[in-house]
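Please treat every number below as a calculation from the coordinates, not as lab data. Treat the numbers as computed from the prediction; the structure is a model and nothing was measured. Please note: Cβ atoms are built from the backbone with ideal geometry, for glycine as well, and neighbour counts cover all protein chains shown.
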Amino acid sequence: MKKFVVLLVVVALTCVSAMAFAAEVTVGGSVEVRSRNFSNMDFNDDATDTDKTSHKDTQTRMKIDVNAKAGDVKGKLSLWNDFETWGDNSVSATSFETQPGSVSSAATTTLVGDDTPIKYNNNTIGFREAWVSFNLPGIPVNVTAGHQLLTLGNGWFFRSMHFGSDAWVISNQTGPNTAALVNVKFAENTLANADDKDAYVLLDVFKLSDTMTVGADITYLHDRSDKTEIVNLQNLGVNFNGKLGPVALKAEVDLQMGEVDNAAGDDPKFKGNQVVLQGSVPLDPVTVNFTVARGTGSKATDNDIKGFQNLLDVDPHYTAIWEYKVGHPGVEGADGKLGAKNFGFANTTAIGVGATFAATSNLTVGADFWQLMSSEDIPNKAEGTGTTDEIGAEIDLKVNWKVAENLTWNWVVGYLMAGDGLGKDDATGVQGALTFKF
């Protein structure tokens, strides 16, 4: 397989040299070595490790980026091998990441993940990006088509910045206003004769000043992967980015509508929402940051789906352990098992404060404190009976070190103090990434 990887790289570079006569081509990339040690992810020190709640490994990610430009036409190919574990020859399903993009009609679940594996098996490479972008002749319209990295609003409903998504993006910029129509294909042919999972987005962003923008978007998600449950979800989002004096603010509000068309039984309605406010204040050499967020959850007794639904990638979004490594906080009446990771603020109320300190021109250190609660009560795992809204509190320590030109070594140390909704024991995690970009 290693020889196959080398062969593909040689072919790619040969193609680049052949294209050079017709286009301006640049080649770059990165090599990243990631070390991880996470312990007690089930919050029970007495449990056996058969469920792999604790693990440590070292992984390498390799990426080659080819950017081309011919006149007004741009294109990109990004070939990568995403975090291959050192010494790992397994091909089991546990080596896969999961893809966001499915909706369940059950009121006790959320659209936070899918069991469909899209991460390449160990020792296998693939394309992270493969797109072309051009302006239509005679009219101010840009078209970008192919596999691309996408974020909607401030990225708390839809974010696809890790693996990317297949999409069309048709946009128009007129003065301070940018409008766009986006079609994202999540899955195809999971059932015969069905266009299975699609999202259609209409968005508009208006530039109020050089430091301030407001935006609005409406998303229609159509999921036919189960012919007995056809999902029609609409998400209306508004966002703000700008500076108010010395304070840099980001705000996003999302409201959800639609329903699941059941072949048998009632058709539950989507009624979720979320509010996210983020800010930072530079006080040289210290920068203070804060986050206040709440996403709705569902109760087991709800006929409708009141839990906020989202489509987020597999990267950390705000905490080093809780949202990144642990799982969804569940709902009242459920069995207490934690579900899919990378769930954003679904059924979560979070308050975060932190600061970073520029110790030198090459070294920044920081710390974040998070108070975490479930928006709807979850089973009390510490007591074994009843319910609670206590998820816990997390402290994340961060060190960002610029070792040399184009070489960084960044570390995050997390400590999650379990509340009654998680269990009796705490979880810890350490993750470091040595990254060389060229």
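Overview of results
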| item | result |
| --- | --- |
| Charge dipole (the stretch 316-438, unit charges on Cβ, about Cα centre) - positive-most of Ile321, Ala404, Gly421 | Ala404 |
| Largest to smallest principal axis extent of the C-alpha atoms in the stretch 193-260, angstrom | 54, 17, 13 |
| Normalised convex hull volume, the stretch 316-438, alpha-carbon set, Å³ per residue | 92 Å³ |
| Difference of contour (0.36 nm per residue) and Cα-Cα distance, Lys269 to Ala358 | 27.2 nm |
| Cα-based reach from Lys381 at 28 Å (exclusive), listing lysines while leaving out same-chain residues under 8 positions away | Lys52, Lys56, Lys271, Lys299, Lys306, Lys325, Lys337, Lys341, Lys424 |
